Amino acid sequence: MLLRGTLGLAGAAGMATTVLSGPSWAGQSQRKQVRGDPDLPDVPGMSGDRLANEFWYQFDEVTYFKQSPQLKAAYEEIGKHVGGNPLKGVREAWIRLSGSSGYPASYTAFLRPVRDALQVVSSAQTGVFEAYYGKSPHGVFDTMSYFAQGVLFDPRRAPVQSEVHTMDGDPPLNYHTWHAYCYANVLLGIDRRFWAAFIPFNGFAWGLQLRAKPDTRKVNPAQPRKVVARLAASWLPGGPERTDARLLEFHRSGPSPAG
C-alpha cells in the first residue's frame, strides 16, 4: 500500500504481529493480482491510495448500489426475520440478546433460521475482499485504516454526496452493524476463518474513526502515527470475543474513549 509511510501504518502493523501472523491468516498473505494497481483506470480528482479507493468503490457497488437479485432476496429474508430493517434490526438483536444469560448462544439461535441468507451476504462481501486483497491481513489493515481516517477521496461518489470512502454517522454505528453480522457468521460457521480474523480490524476502525471524525465530502488529514499505532495495539490482538465485549460496552455505558 503506497501510503503506509505517510499514515504511519507500518509501525502499527508491527505492534500487532501476533494478529497479523497468527493462524487465522497463515499462508494467505498474498493479494490476488487480478486487479493490480497499474491496471486501475485513472480517476481525475481522486486522492489517497488507489487500490483502497477502488476496493471501497466496488465493495459499495456490490453490497449496496448494485446488489444482485440473490443479495436483495437475502436482505429481504433477514429483514422479515428481525422485524424490518435488515441492518439496524440485526444490530438491535445483537445488543438485546447480549444482555441475556445465554449469550452468545441466544444470538446464534436467533439468527440460525436465516443462516443461508447470511451466507449470501457473507459471500458477497468476502468476494470483494478476496478480489482486491486476497486474504492479506496487511491489505485489510491498511484499507480499514484509510477508511476510518477518511483519507480516500473518490469523485465517482459525488452524485450521492459521499465522495470520501468512510462510515457514515457520528458515532459511526454501522461498524457495530457490521460487527453484528461478522460475529453471527463466526458463531454460525459462515466463512468463520475470515470473519474471526476480520472482527478486530473492524473494532480498530471503529476506534480510529471515533478519533478522526472525518468529513464525508472532503479529504481529511491523516491521524498522527502514534494514535494509529496505539489503537492498533489496543484492538488487533483482541480476537472476536474481546472485540465483541468492547463494542457492547458502548451500548451499556454510553460513549467512551476509543481505545
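The values are calculated or read from the model by the stated rules, or taken from the named source; none is laboratory data. These numbers come from a predicted model, not from an experiment. Glycine also receives a Cβ, built like all others from the backbone with ideal geometry; neighbour counts cover every protein chain displayed. Protein only, heavy atoms only, side chains kept; ligands, DNA and RNA dropped before computing areas. Shrake-Rupley method; radii C 1.70, N 1.55, O 1.52, S 1.80 Å.
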Residue, farthest from Asn185 (Cα to Cα), within region 208-248, restricted to residues that are in contact with a Pro (Cβ under 6 Å, 6 or more places away or on another chain) and assigned to a helix (DSSP H, G or I): Gln209
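In the set Gly150, Gly207, Gly238, Gly254, which member is modelled with pLDDT under 95, open to solvent by less than 50 Å² (accessible area, probe 1.4 Å) and under 21 Å from His138 (Cβ atoms)?
Working: Gly150 fails: modelled with pLDDT under 95; Gly207 fails: modelled with pLDDT under 95; Gly254 fails: under 21 Å from His138 (Cβ atoms).
The conditions single out Gly238.
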Residue count, region 120-168 (criterion: of a type in the set (A, V, I, L, M, F, W, C), in contact with a helix residue (DSSP H, G or I) (Cβ under 9 Å, 6 or more places away or on another chain) and assigned to a helix (DSSP H, G or I)): 12
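So which residues in region 73-88 are part of a helix (DSSP H, G or I), under 22 Å from Pro172 (Cβ atoms) and open to solvent by less than 60 Å² (accessible area, probe 1.4 Å), if there are any at all?
At the first step, the residues of region 73-88 found to be part of a helix (DSSP H, G or I) are 73-82, 86-88.
Keeping just the survivors that are under 22 Å from Pro172 (Cβ atoms) gives 75, 78-79, 82, 86-88.
Scanning region 73-88 gives Tyr75, Ile78, Gly79, Val82, Pro86.
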Residue under evaluation Tyr103, criteria (1) in contact (Cβ under 8 Å) with a residue 24 or more places away in the chain; (2) surrounded by fewer than 18 Cβ atoms within 10 Å (Cβ to Cβ), criterion not met: (1)
Which numbered condition Thr166 misses (of (1) of a type in the set (Ser, Thr, Tyr); (2) closer than 20 Å to Gly99 by Cα; (3) open to solvent by less than 50 Å² (accessible area, probe 1.4 Å)): (2)
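Identify the residue in region 137-147 that is of a type outside the set (Asp, Glu) and open to solvent by less than 10 Å² (accessible area, probe 1.4 Å) and, among all such residues, is nearest to Lys226 (Cα to Cα).
Restricting attention to region 137-147, the residues satisfying the condition of being of a type outside the set (Asp, Glu) are 137-141, 143-147.
Subset that is open to solvent by less than 10 Å² (accessible area, probe 1.4 Å): 137, 139-141, 143-146.
Details: Pro137: 20, Gly139: 20, Val140: 20, Phe141: 16, Thr143: 18, Met144: 17, Ser145: 13, Tyr146: 15 Å.
Ranking the qualifying residues of region 137-147, first place goes to Ser145.
Scan region 63-79 and tell me whether some residue there is of a type outside the set (Ser, Thr, Tyr), in contact with a Gly (Cβ under 8 Å, 6 or more places away or on another chain) and under 28 Å from Tyr146 (Cα atoms). Let's see the steps before the verdict.
Step one: list which residues in region 63-79 are of a type outside the set (Ser, Thr, Tyr), which gives 65-67, 69-74, 76-79.
Subsequent filtering for residues that are in contact with a Gly (Cβ under 8 Å, 6 or more places away or on another chain) retains 78-79.
Keeping just the survivors that are under 28 Å from Tyr146 (Cα atoms) gives none.
So far as region 63-79 goes, no, none of its residues is of a type outside the set (Ser, Thr, Tyr), in contact with a Gly (Cβ under 8 Å, 6 or more places away or on another chain) and under 28 Å from Tyr146 (Cα atoms).
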Filtered residue count, region 211-235, keeping only those that are without any contact (Cβ under 8 Å) to a residue 60 or more places away in the chain, more than 14 Å from Pro200 (Cα to Cα) and either of a type in the set (S, T, N, Q) or open to solvent by less than 20 Å² (accessible area, probe 1.4 Å) (or both): 0
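Counting only residues that are open to solvent by less than 10 Å² (accessible area, probe 1.4 Å) and either outside any loop (DSSP other than H, G, I, E, B) or not β-branched (Val, Ile, Thr) (or both), how many does region 186-195 have? Walk me through how you get there before you give the answer.
Step one: of region 186-195, the residues open to solvent by less than 10 Å² (accessible area, probe 1.4 Å) are 190, 195.
Those left that are additionally either outside any loop (DSSP other than H, G, I, E, B) or not β-branched (Val, Ile, Thr) (or both): 195.
Within region 186-195, residues that are open to solvent by less than 10 Å² (accessible area, probe 1.4 Å) and either outside any loop (DSSP other than H, G, I, E, B) or not β-branched (Val, Ile, Thr) (or both) number 1.
In the list Arg112, Arg91, which residue meets the criterion of being open to solvent by 40 Å² or more (accessible area, probe 1.4 Å), assigned to a helix (DSSP H, G or I) and either farther than 21 Å from Asn185 by Cα or at pLDDT 95 or above (or both)?
Arg112
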